[in-house]
1. Could you run through the range 2-49 and say how many residues are within 22 Å of residue 107 (Cβ to Cβ), modelled with pLDDT under 90 and not polar (S, T, N, Q)?
2. May I ask you to list the residues in the range 164-205 that are small (Gly, Ala, Ser) and under 22 Å from residue 123 (Cα atoms)?
3. Need the failing condition index for residue 77 against (1) crowded, with 16+ Cβ neighbours inside 10 Å; (2) closer than 24 Å to residue 134 by Cβ, just the number.
4. Step by step: first the residues of the range 294-330, then only those that are β-branched (Val, Ile, Thr) and in contact with a strand residue (DSSP E or B) (Cβ under 7 Å, 6 or more places away or on another chain), then the one that is farthest from residue 99 (Cα to Cα). Which residue is that?
5. Restricting the search to the range 3-38, which residues are surrounded by 17 or more Cβ atoms within 10 Å (Cβ to Cβ), in a strand (DSSP E or B) and more than 15 Å from the ligand (Cβ to nearest atom)?
6. Any residue in the range 191-214 that is modelled with pLDDT under 95 sitting within a Cβ distance under 6 Å of a residue that is among the charged types (D, E, K, R)? List the pairs, counting only those 6 or more apart or interchain.
7. Run residue 316 past the list (1) farther than 13 Å from residue 270 by Cα; (2) without any contact (Cβ under 8 Å) to a residue 60 or more places away in the chain and report the number of the one that doesn't hold.
8. Residues in the range 39-80 that are over 27 Å from residue 103 (Cβ atoms), assigned to a helix (DSSP H, G or I), more than 16 Å from the ligand (Cβ to nearest atom) and in contact (Cβ under 8 Å) with a residue 24 or more places away in the chain: how many?
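The values are calculated or read from the model by the stated rules, or taken from the named source; none is laboratory data. Quick caveat, the model's predicted, so the values are computed rather than measured. Reconstructed Cβ throughout: ideal geometry from the backbone, glycine too, with neighbour counts over all protein chains shown.
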Amino acid sequence: MSQILIIYTGGTIGMMSDPISKTLVPINFEQIMDNVPELEKLNCKIKVHSFEQIIDSSNMNPQVWAELAALIEANYEKVDGFVILHGSDTMAFSASALSFMLQNLNKPVIFTGSQLPISAVRTDAKENLMTAIEIAKAKKNDRARVPEVCIYFDYKLFRGNRAFKYNSSKFEAFRSPNYPILAESGVHLRFSVNDIREPGEGTLKVHNTLVSDVAVLKLYPGISPTVVSSILSADVRGIVMETFGAGNTTTDQWFVDLLKAAIDSGKVILDISQCKVGTVELGRYETSKELKDMGVASGYDMTFEAAVTKMMYLLGELNDPKEVKRYLEMDLRGELTEA
Ligand code: ASP
């Protein structure tokens, strides 16, 4: 019989309305189980690890990611797959981070949660949880069907580092416009076999030294030299720059000079687009040619969540900014499509 480890970190799935404050507050995992008697009917053994501190995912951070990765490592040989119950707000960051932290993964790590608490009459939590478990235990020829870090939400399975939360009020909370969904659940659970990654070769290698020395520079017409220079001179090693269209920026000399100075001082600048669909193409327009020449890294079609966590991961692994740039532009875990 398959064995699944459910790791409960928190989120709306495990919340209840507090009768006095009327706000949503976390409940413990036993109370969750009481709401889903169907769990008993699943043909698998379920182990549960509940975090001591159950959190709203807005309080998620790299220390908790390291704890999650360590738990997965400690149980890796004992179970067939993992389901992580997590708030949807930062789920795409956590799934992206874990995808980089777990090298050579060959078992499913499925994040899920819900928009309504599991105790609510119209909850989406039960379907999300039950199907996430089904996916985590799904095998073909004795091999996991989805040996990846994924997000399962509202009948769809996404590659974790390709998804982002796009809707805070619909059950359809996630999208992944730059990469096809990996599975869809309806009457049947259909896997898109050609889009699922091959399992990692060799043994699982856990990287848990993420460095959060990262700043974000989001451009807009009229951004001032003071704002740009204060972000670029922050005490960080990496900057994720959110640009226009296919990776374009203003060509004003002050802007170009500030970027050049930041790179010369050893900072790594990663260019991702504010567009949710499409890719960065440095050098396609005059407004990005100079970026390419000065050594700005192309983030291609990466999500913001993947870009930030990949930067944290690489800064923890490498010292040389040129090496960080080289790896940022490489597809490491299926997070980008090179042009
Ligand atoms: N605020 C909640 C969280 O991210 C929302 C959710 O669970 O969907 O923890």
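1. Qualifying residue count, the range 2-49: 3.
2. Quick first cut of the range 164-205, residues small (Gly, Ala, Ser) only: 168-169, 173, 176, 183, 185-186, 192, 200, 202.
Answer for the range 164-205, where residues must be small (Gly, Ala, Ser) and under 22 Å from residue 123 (Cα atoms): 168, 169, 173, 183, 185, 186.
3. Exception for residue 77: condition (1).
4. Here the answer is 296.
5. 4, 5, 6
6. Listed pairs, sorted by first residue: 213/237.
7. Status for residue 316: all satisfied but (2).
8. Total meeting the criteria: 1.
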